[in-house]
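So the structure is just underneath, and the comments pick up after that.
The values are calculated or read from the model by the stated rules, or taken from the named source; none is laboratory data. The structure presented is a predicted model; accordingly, all values stated were derived computationally and were not measured. We place every Cβ from the backbone using ideal geometry, glycine too, and count neighbours over all the protein chains shown. The area values use the complete protein model at the heavy-atom level, side chains included, leaving out ligands, DNA and RNA. Shrake-Rupley method; radii C 1.70, N 1.55, O 1.52, S 1.80 Å.
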Amino acid sequence: QVQLVESGGGLVQPGGSLRLSCAASGSIFSFYAMGWYRQAPGKQRELVAAITSGGRINYGDSVKGRFTISRDDAKNTVYLQMNSLKPEDTAVYYCNVYPPPLSDSWGQGTQVTVSS
């Protein structure tokens with residue numbers, strides 16, 4: 001089955017930008033709806049954005065107008081462009097299929113810290 005590796009996180013100042021990447025191991029990637037999720041300490045994991053195999057997109061309310069999800073099926077990769085970052089965006093960001101699995105099949109994610 002598909003294996004996913006997140007990258008691109010880091011420390012950024014408020015108002016800054018980051019681009020996250022999620023690389024999938026298998027060519028089956030193009031058949032899956034994919035999502036970016038995030039989890040801050042003490043909080044539940046939440047959906048940030050999702051994109052279907054047909055290109056239909058939805059965003060969490062807190063990131064609408066600031067984040068953009070995209071996918072490159074030829075590269076088995078999904079991206080999350082994050083602009084106008086706020087301290088409340090600080091979290092570990094994960095990629096996975098959408099809807100997310102009920103199992104504990106989550107990777108290590110990539111840390112995004114927004115702080116001055």
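Residues of region 86-114 that are under 16 Å from residue 10 (Cβ atoms) and open to solvent by 60 Å² or more (accessible area, probe 1.4 Å): 86, 87, 108, 111. Could you list, in sequence order, all residues of region 55-107 that are closer than 16 Å to residue 2 by Cβ and of a type in the set (Lys, Arg)? Within region 55-107, 71, 75 meet the criteria. For region 10-21, indicate whether the set of residues that are outside any helix (DSSP H, G or I) and out of contact with any Leu (no Cβ under 9 Å at 6 or more places or on another chain) is non-empty. Yes, because at least one residue in region 10-21 is outside any helix (DSSP H, G or I) and out of contact with any Leu (no Cβ under 9 Å at 6 or more places or on another chain).
Scanning region 72-85 for residues that are open to solvent by less than 20 Å² (accessible area, probe 1.4 Å) and part of a loop (DSSP other than H, G, I, E, B) turns up at least one hit. Is it true that residue 42 is open to solvent by less than 40 Å² (accessible area, probe 1.4 Å), without any contact (Cβ under 8 Å) to a residue 24 or more places away in the chain and within 20 Å of residue 111 (Cα to Cα)? Answer is no for this residue. Just to verify a result, which residue in region 28-65, among those that are assigned to a loop (DSSP other than H, G, I, E, B) and among the hydrophobic types (A, V, I, L, M, F, W, C), is modelled with the lowest pLDDT? Ranking the qualifying residues of region 28-65, first place goes to 33.
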